[in-house]
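The values are calculated or read from the model by the stated rules, or taken from the named source; none is laboratory data. Just so we're clear, the structure is a prediction, and the values are computed from it rather than from any experiment. In this analysis, Cβ positions are derived from the backbone assuming ideal geometry, glycine residues included, and neighbour counts consider all displayed protein chains. Just so you know, the surface numbers come from the protein's heavy atoms only, side chains and all, with ligands and any DNA or RNA stripped out. Shrake-Rupley method; radii C 1.70, N 1.55, O 1.52, S 1.80 Å.
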Amino acid sequence: MLIKVLLPLAIPRSYSYKVPEALQSQIRFGIRVEIPLRGKLYSGIVVNTSAEEEDLVKPKAIVSIIDHEAVVTSTQLKLWQWIADYYCCTLGQVMNIAIPSGLKLHSETRISASDALDSHLENIKDDDEFMIAEALTNNAEISIDELRKILGKNTVYPKIKSLLDQRLITISEHLIQKYKPKTQDFVRFTEPYRSKEVNINNAFELTTKSEKQTQTLLAMLSLSQKMEWIDKSDLYKKSPSDSTVINALIKKGIIEKETFEISRIKPEGDETNVLPPMSEAQQGAYEEIKQHFSEDKNVLLFGVTGSGKTRIYTEIIQETINNGKQVLFLLPEIALTTQLVQRLSKTFGAEVGVYHSRLNPQTRVELYKSALGEKSIFIGARSSLFLPFRDLGLIVVDEEHDPSYKQTDPAPRYQGRDTALYLARLCGAKVILGSATPSMETYLNGIEDKLGVVNLIHRYGDAVLPDIEIVDLRDMYAKNKMRAMFSLPLLKQMKASLELGEQILLFQNRRGYSPTLQCTVCEWNAECPNCDVSLTTHQYYEELRCHYCGYKNIMPKECPACGNQKLVKLGFGTEKIEDELRKYLKEAKIARLDYDTAKTRSQFENIIYDFEHHNIDILIGTQMITKGLDFDNIGLVGVLLADKIMNFPDFRANERAFQLFTQVAGRAGRRKKKGKVMIQTFNPTHDVIQETLHLDYKKYYTRELDERKQFLYPPYYRQILITIKHKSMEKATAVSTYMVERLKASLGPRVIGPATPSIARIRNMYIQHITIKMEKDWKIVGQVKDLVKAEIVSIRNQKNMSTVRINVNVDP
Ligand SMILES: [Zn+2]
Ligand SMILES: [Zn+2]
């Protein structure tokens, strides 16, 4: 019997293995098996149970079978294959991110002391051997890697062999299973008592001499009158029982004990909410969605912030699970901590599983497996697309425009929204893409009738749209109307809002204190030694930090170049805003929400809680404050510097800017109150600023789509971005120039570059970009991908180029 096994490695193929006769009956698709490869052991997944003999390679035998039941379904494998083809990577790379780490095994050789070691320790003459032996008397097991560290040398095998020959140590090459099921001991009465064959009073007669045993039996009866399995820890709580008592009762044949696997998944919400009826507008939208579904169309739910999309989602989710099908609700990673998740959990109670990267590995495995069984609703970030759904009926992609749906590193560089559409096709499920500011791709699909479009343009209840005001910074600076980064009109409005008891959000898309530290004499700039960027100052830590590689250094007191003691902090981030604001609004309670103050889920939740309960008047934040938050007392939202976002060197800069400004503005004035939004900018006539000012969606989409078409950008054209990295700038340039020449020979002007990106070096690697723009024609796109893959293989096989790192990003 020959099988094909897939490994979570970047190797381009799967391998064939023989199955020993004794194991053959247990082999099935989707289970994990232990296999040898190049002297190591791996766990791989059986993807084909009847492989053909290959000519050249003689297949080895599998070592063991790990699972009894499949951990991967055939639908999942089809999805992986599509991702590998579409995003130009290997199936192993997809598997690597698709399977929770708790289901991946790794090989480690470990050494332990034999019984003889202690008494022979003194006789060991060799110094290295003695060090190994000594280390083993303090540790139960040591890996080869650890031994190398202990000895400070790489060649340790001869020493190990010598110790083995003297029978002082033992060795084992085994796979370590990271996931251990959580188990619990249970007890119950034995069969004769349960079936009433023997009267329960007889049991008590057997325990008359022991008060503890009698109490334990009484407690068992009170815990389960039907004499079912009882959790041992519950019994311990209810009686003076302990292991001695339990063992005595087992010995007397009254009770039996067994260990069961139990789940680590806690239900997300134990109380369930009763929902208010849908409004007329919501009811209308709901019926439109159903109509599109019945015509076999997926739907874009284009609903302004505050229109109550969630209410419509819950209605359709309920219907889907009533039909016995499962639901996947996708959110941007950052929004997983927010009120929306709590609301859905409250509505659907224990049916809901929240799947994200911060779960501990064990819980992640259990949630993963629960998709094959009992749970019906999964809320998660893009990685939850890889769950093994039993029967998926609906995928909701909320905030479908959000850039965090796209994975950038490592491969596969997939777009979660597009993958969701493909997964739904595989499963016969329907998709709702929800957004207040749909992406250009989705909007165009709506225009071209590939998606049903459902508009929800009214805010829920009597909530009204905010007043938006643009503050011209050129004018403010010229007339001396700036106080730090605040214009006088903004300061005045803040004071007015505070007096009315309203809360304020201030948005700046940059954390830290200031992005640049400069010498006033020689113009020295604090720069990262590993990247071509300035270091950001962090006042609170008195540190300089690189936001690209994590490099840190203490803040210098004087210029390292000329010794001048006056260093200025140019520009501003959220930390500096907080600092400055305290000078102008001394009475206000001010807090900050960014990556530095909300590193963990609980820190994030605490800040949100404080804001909700008005322990905070003014919240300053990065885009963390724009996502999924719903407060009802915000009188004012301020954008401190709009320009940085609009001027970002990317063809999507305008799209991102409009999305961000509209999202931020959407936080202002909900529930009957008209809110105020103030946007400070040096460029008040910029298209995006004007479109935001008038909330002119139509103009925004028309203009942006026209520009994309004119300059051959997505969604009208397709793009592939190839990134080339190397420690040496010359090598990176040489290889990218070579690659461009080769690609141009077949693709002509579709190939652009090589170009140096705005940040030319990150983590000591020099970067070059090659962009391929091509027609939206699957034949051409397929040919281009094949060509790119072939070129990369050929470069990797050339001796002088093989060390260059090449990444392919399809639909960047
Ligand atoms: Zn200087
Ligand atoms: Zn750096």
task: Check whether at least one residue in segment 514-525 is within 16 Å of ligand 2 (Cβ to nearest atom), open to solvent by 40 Å² or more (accessible area, probe 1.4 Å) and at pLDDT 90 or above, and report yes or no.
output: yes
- line: For segment 581-593, pairs from a residue that is farther than 23 Å from N606 by Cβ to a residue that is modelled with pLDDT of 95 or more and in a helix (DSSP H, G or I), with Cβ under 8 Å and 6 or more apart or across chains, are Y584/L491
query: Considering segment 611-623 alone, what residues qualify as being open to solvent by 20 Å² or more (accessible area, probe 1.4 Å), part of a helix (DSSP H, G or I) and at pLDDT 90 or above?
result: none
field: For E211: the one exception among (1) open to solvent by 90 Å² or more (accessible area, probe 1.4 Å); (2) under 45 Å from the mean Cα position of the chain (by Cα)
entry: (2)
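Restricting to segment 277-304, what's the tally of residues that are outside any helix (DSSP H, G or I), touching a residue at least 12 places away in the same chain (Cβ under 8 Å) and over 25 Å from F378 (Cβ atoms)? Quick ask: steps written out before the conclusion?
Applying the first criterion (outside any helix (DSSP H, G or I)) to segment 277-304 yields 277-279, 295-304.
Next cut, touching a residue at least 12 places away in the same chain (Cβ under 8 Å) only: 278-279, 295, 297-304.
Next cut, over 25 Å from F378 (Cβ atoms) only: 279, 295, 304.
The total comes to 3.
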message: Any residue that is within 19 Å of V471 (Cβ to Cβ), open to solvent by less than 30 Å² (accessible area, probe 1.4 Å) and free of Cβ contacts under 8 Å to residues at least 40 places away in the same chain - is there at least one of those in segment 642-658?
response: yes
query: Do we find that E366 is open to solvent by 30 Å² or more (accessible area, probe 1.4 Å) and among the acidic types (D, E) in this structure?
result: no
message: Name the residue that is least open to solvent (accessible area, probe 1.4 Å), counting only residues in segment 343-363 that are within 17 Å of the chain's Cα centre (by Cα) and polar (S, T, N, Q).
response: T363
- prompt: Residues Q680, Q663: which one is open to solvent by less than 10 Å² (accessible area, probe 1.4 Å), touching a residue at least 60 places away in the same chain (Cβ under 8 Å) and not aliphatic (A, V, I, L, M)?
  reply: Q680
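Just to be sure, is Q415 within 28 Å of F658 (Cβ to Cβ) and modelled with pLDDT under 85?
Values: within 28 Å of F658 (Cβ to Cβ): yes; modelled with pLDDT under 85: no.
So Q415 fails the test.
Which one is nearest to ligand 2 (Cβ to nearest atom) among residues in segment 534-563 that are among the hydrophobic types (A, V, I, L, M, F, W, C) and open to solvent by less than 20 Å² (accessible area, probe 1.4 Å)? Break it down into steps so the answer makes sense when it comes.
Step one: filter segment 534-563 for residues among the hydrophobic types (A, V, I, L, M, F, W, C), giving 535, 544, 546, 549, 554-555, 559, 561-562.
Checking the rest, the ones that are also open to solvent by less than 20 Å² (accessible area, probe 1.4 Å) come to 535, 544, 546, 559.
Numbers: L535: 8, L544: 10, C546: 3, C559: 20 Å.
Applying the filter and picking the extreme gives C546.
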- prompt: Restricting attention to segment 397-441, and to residues there that are closer than 13 Å to D811 by Cβ and β-branched (V, I, T), which single residue is most open to solvent (accessible area, probe 1.4 Å)?
  reply: T408
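Taking segment 199-247 as the search range and keeping residues that are of a type in the set (V, I, T) and closer than 12 Å to V187 by Cβ, which one is modelled with the lowest pLDDT?
Residues of segment 199-247 of a type in the set (V, I, T): 200, 207-208, 214, 216, 230, 244-246.
If we keep only those that are closer than 12 Å to V187 by Cβ too, we end up with 216, 230, 245-246.
Details: T216: 92, I230: 89, V245: 92, I246: 92.
Within segment 199-247, the match that is modelled with the lowest pLDDT is I230.
Looking at Y697, Y701 in this structure, which one is among the hydroxyl-bearing types (S, T, Y), over 30 Å from L498 (Cα atoms) and either free of Cβ contacts under 8 Å to residues at least 12 places away in the same chain or open to solvent by 40 Å² or more (accessible area, probe 1.4 Å) (or both)? Talk me through it step by step, then tell me what you get.
On the way: Y701 fails: either free of Cβ contacts under 8 Å to residues at least 12 places away in the same chain or open to solvent by 40 Å² or more (accessible area, probe 1.4 Å) (or both).
Only one candidate qualifies: Y697.
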field: All positions within segment 758-772 that are open to solvent by 30 Å² or more (accessible area, probe 1.4 Å) and not in a strand (DSSP E or B)
entry: S758, I759, R763, N764
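When you scan segment 492-604 for strands (runs of 3 or more DSSP E) that lie fully inside it, which ones turn up with 1 or more residues that are away from ligand 1 (no atom under 16 Å from the Cβ) and more than 26 Å from the chain's Cα centre (by Cα)?
Numbers: elements: 503-507, 516-519, 536-538, 543-545, 552-554, 567-570, 590-593.
So the answer is 503-507, 536-538, 543-545, 552-554, 590-593.
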query: Restricting segment 497-513 to residues that are open to solvent by 60 Å² or more (accessible area, probe 1.4 Å) and of a type outside the set (D, E), which is farthest from ligand 2 (Cβ to nearest atom)?
result: L500
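Here is a yes/no grid of residues against (1) within 21 Å of F389 (Cα to Cα); (2) open to solvent by less than 60 Å² (accessible area, probe 1.4 Å); (3) touching a Gly at 6+ places or on another chain (Cβ under 6 Å):
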residue	(1), (2), (3)
L23	no, yes, no
L41	no, yes, no
V57	no, no, no
W80	yes, yes, no
field: Matching residues, segment 797-807, being surrounded by 12 or more Cβ atoms within 10 Å (Cβ to Cβ) and either assigned to a loop (DSSP other than H, G, I, E, B) or touching a Leu at 6+ places or on another chain (Cβ under 8 Å) (or both)
entry: M801, T803, V804
query: From the list I66, I45, I11, I35, which residue is at pLDDT 90 or above and among the β-branched types (V, I, T)?
result: I45
- line: Log entry, pairs with first residue in segment 412-428 being under 14 Å from A98 (Cα atoms), second being of a type in the set (S, T, N, Q) and part of a strand (DSSP E or B), beta carbons closer than 6 Å, six or more apart or on different chains, reads R413/N809
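Restricting to segment 343-366, give me the number of residues that are outside any strand (DSSP E or B) and either without any contact (Cβ under 8 Å) to a residue 40 or more places away in the chain or farther than 21 Å from N322 by Cα (or both).
So in segment 343-366, the residues outside any strand (DSSP E or B) come out as 343-351, 356-366.
Right, trim to either without any contact (Cβ under 8 Å) to a residue 40 or more places away in the chain or farther than 21 Å from N322 by Cα (or both) and you get 344, 351, 356-366.
So the count comes out to 13.
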message: Looking at segment 586-595 only, could you name the residues that are open to solvent by 20 Å² or more (accessible area, probe 1.4 Å) and within 22 Å of Y548 (Cβ to Cβ)?
response: R592, Y595
